[in-house]
1. Which numbered condition trips up residue 54, out of (1) more than 32 Å from the chain's Cα centre (by Cα); (2) modelled with pLDDT of 90 or more; (3) part of a strand (DSSP E or B)?
2. May I ask you to list the residues in the range 1-22 that are free of Cβ contacts under 8 Å to residues at least 24 places away in the same chain and assigned to a helix (DSSP H, G or I)?
3. Being modelled with pLDDT under 85 and either part of a helix (DSSP H, G or I) or within 14 Å of residue 121 (Cα to Cα) (or both) narrows it down to one residue among 61, 43, 49; which is it?
4. Give the residues of the range 99-108 that are surrounded by 11 or more Cβ atoms within 10 Å (Cβ to Cβ) and either among the acidic types (Asp, Glu) or within 15 Å of residue 137 (Cα to Cα) (or both), sorted by residue number.
5. Only one of (1) under 22 Å from residue 173 (Cα atoms); (2) surrounded by 17 or more Cβ atoms within 10 Å (Cβ to Cβ); (3) in contact with an Asp or Glu (Cβ under 9 Å, 6 or more places away or on another chain); (4) of a type outside the set (Phe, Trp, Tyr) is not met by residue 6, so which one is it?
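The values are calculated or read from the model by the stated rules, or taken from the named source; none is laboratory data. Just so it is clear, the model here is predicted, and its values are computed rather than measured. Cβ placement follows ideal geometry from the backbone for every residue including glycine, while neighbour counts extend to all protein chains displayed.
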Amino acid sequence: MAKIKLTKNELKKQKDELKRFERFLPTLQLKKQQIQMELMKAKKAVEEKVEEEETHITEIKQWIAVLGEDAGITDLIKIDFIETDVGNIAGVDIPIFKEIRFKAIKYDLYVKPLWFDKVIEHMKIILTLRGEIIIMDEQLVLLQEELRITTQRVNLFEKLKIPESKENIRIIRIYLGDEETSAVVRGKIAKMKIEKAQEAKNLEKKIA
């Protein structure tokens, strides 16, 4: 604990700091709760996307097995661009997935089986889902880091700053109270001495 001045000015300073800490703490606590809620929602959303991706993978497994490694599917699916945006959650700037666009690549409809189109479509959906999951994982990293920082700040105020200010105020009040009591006692003693001195003078006058 830093050394403090045992003065009325320091007492006012400590009281002002305590008010500021106690006013700011609820805002930090609310932010922490908001981030925790958003993290839960984001984790659930990622799990749902992963499950959706697995569903599509299961759907095309048998077709891929039939087509074999030389089906040339990957040559027919080329990403043109990925569009993202920036959003804000609980004061945290995060990337937002918008869409993936694929290049239009033609293939011989007479050579490929009828269900080849479905395989291509499922593959595009899988790639889109993977793109979403990557962006959502980035969101999780950013939110987790912000939660770590906010939790540190909450702990700083709850466990250090506020208790320290309260203890400083208590110490200063005790000191000032003792000083006031001492001043009163000294004043009474001085008054008694003056009264006794005056009584002694009066007595001397009477005797004289």
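1. All conditions pass for residue 54, except number (3).
2. Passing the criteria: 9, 12, 13, 16, 19, 20.
3. 61
4. Within the range 99-108, 99 is the sole residue that qualifies.
5. Going through (1) under 22 Å from residue 173 (Cα atoms); (2) surrounded by 17 or more Cβ atoms within 10 Å (Cβ to Cβ); (3) in contact with an Asp or Glu (Cβ under 9 Å, 6 or more places away or on another chain); (4) of a type outside the set (Phe, Trp, Tyr) one by one, residue 6 breaks only (2).
Quick grid of which residues meet (1) touching a residue at least 24 places away in the same chain (Cβ under 8 Å); (2) in contact with a His (Cβ under 7 Å, 6 or more places away or on another chain); (3) within 30 Å of residue 10 (Cα to Cα); (4) crowded, with 18+ Cβ neighbours inside 10 Å:
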site	(1), (2), (3), (4)
118	yes, no, no, no
121	no, no, no, no
141	no, no, no, no
155	no, no, yes, no
162	yes, no, yes, no
165	yes, no, yes, yes
168	yes, no, yes, yes
